[in-house]
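To start, the structure itself, in structure tokens.
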Amino acid sequence: MSQWDVFELPSEARVQNTGGRGSLISRVQWLHPDGSTATWESRLARKRGVIEVVRNGIVERIMARPAVAVRLRRCNDLSGVSFFLGGLLFTVGALLAQYEAAPVLTIDWTFLIGGFWFSTGAYAALVQELNSPRRIGDDGTLVAPAWRWWAYEPYRPGWVAAFALFCGTLAFAVSLVDAFLTGLSAGQANRLIWAPQMVGCVLFLVSGHIAIAEVCHGRLRWMPSSLGWWIVLVNQIGSWLFMVSGLAAFVRPVTGEVISVGLINWGTAWGAACFSAAGVAQLFERPAVAHAVVHDPGAGVPSQAEPGKGVA
């Protein structure tokens, strides 16, 4: 696997450096004959639909074609709204359980519907990655492949993070459905409810770890000016809180009681609130629709009338 597998560079490009973690390349920088330097970052291209170019010390942008930008925005908005709703319902369900403010069946349905929105948000994020820009077109805009609902791309950090997250939501779904079962022994509850919940927690943490590596192009670093950095960091905090909640939900075989009801409910409530907040923030991390471009085919990147602004 090479940088050519994550983004198709112009034929005259000369690679300067790459970034990422292991085989998961999240950043490629290349030099053009005119002296300009272009940088592809996987999350920036997927979420904002842009590649940054430095020409004569001025930062310019290559933007996605309008149709591509619209598709990316729709996926992004669906994902953000879904995570907001899923997190909100999980928070409500956990608070209802903590204060015994609703019947158990009502609480279980609240969690199940919230789990549906979590899965929807994760799948929308996966589809957004599958249809992210992969090359610069002849018109100087970013071009995406033909629309896809599924593809296997384990060499792309965005795909790995989204796929692990989606699988985690499905594991949670198994746990949420099994929670409707009654009369379970401690062993049955741990096997049918607790075990898939823990699988989901681990997959959430794996997804968050890869997402952080994608944004930071390697190890975690301080990037407070990056909205994407805050989103993945808050999500990872939420994943750790879910893990605490999951561990506390283990049913002791001797007593038939969970380790801590309070940790279960408050860990779930605060963890879900993190995902809900990150879902709202995600709505502001979206591509703009391009309008115009002046392209010099020999340079490999567009020349812009308004440096620093988006181009089409």
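Below is a table of values for the structure above.
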{"read-out": "For the chain, accessible area per residue (1.4 Å probe, heavy atoms of protein chains only), Å²", "value": "45 Å²"}
{"read-out": "Accessible-area composition of the chain, carbon plus sulfur, in percent [1.4 Å probe]", "value": "65 percent"}
{"read-out": "MRE, 222 nm, helices only [DSSP H, n ≥ 4, -39500 (n - 2.57), over the chain, to nearest 500]", "value": "-17000 deg cm²/dmol"}
{"read-out": "Kirkwood hydrodynamic radius of region 187-281, Cα pairs, Å", "value": "14.2 Å"}
{"read-out": "Inter-site label distance for residue 139 and residue 106 at 7 Å from Cα along Cβ, in nm", "value": "5.4 nm"}
{"read-out": "Loop-resident sites, region 213-272, for chymotrypsin sites (Phe, Trp or Tyr not before Pro), counting at most 12 other Cβ within 10 Å (DSSP)", "value": "222"}
{"read-out": "Region 265-289 versus region 151-224: alpha-carbon centroid distance in Å", "value": "16 Å"}
{"read-out": "Per-residue SASA entry for residue 14, accessible area with 1.4 Å probe, Å² rounded to 10", "value": "140 Å²"}
{"read-out": "Nearest-ten-degree value, helix 195-216 long axis tilted from longest Cα axis of the chain", "value": "20 degrees"}
{"read-out": "Label-point separation, residue 15 to residue 177 (7 Å along Cα→Cβ), nm", "value": "4.3 nm"}
{"read-out": "Computed label-point distance, nm, for sites residue 59 and residue 222 using a 7 Å Cα→Cβ extension", "value": "1.9 nm"}
{"read-out": "Backbone N under 18 Å from the residue 74 label point (7 Å along Cα→Cβ), restricted to region 22-49", "value": "46-49"}
{"read-out": "Difference of contour (0.36 nm per residue) and Cα-Cα distance, residue 240 to residue 149", "value": "29.8 nm"}
{"read-out": "Lys, Arg +1 and Asp, Glu -1 on Cβ, resulting dipole of region 66-210 about Cα centre, debye, nearest 20", "value": "320 debye"}
{"read-out": "Most mobile listed residue (35, 183, 57) in the chain, GNM with C-alpha springs under 10 Å", "value": "183"}
{"read-out": "With all protein chains modelled, accessible area of residue 214 [1.4 Å, Å²]", "value": "0 Å²"}
{"read-out": "Lys, Arg +1 and Asp, Glu -1 on Cβ, resulting dipole of the chain about Cα centre, debye, nearest 20", "value": "180 debye"}
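The values are calculated or read from the model by the stated rules, or taken from the named source; none is laboratory data. Bear in mind the structure is a predicted one, so any value in this text is a computation, not a measurement. Backbone-built Cβ (ideal geometry, glycine too); neighbour counts: all protein chains shown. For accessibility, only protein heavy atoms count, side chains too; no ligands or nucleic acids. Shrake-Rupley method; radii C 1.70, N 1.55, O 1.52, S 1.80 Å.
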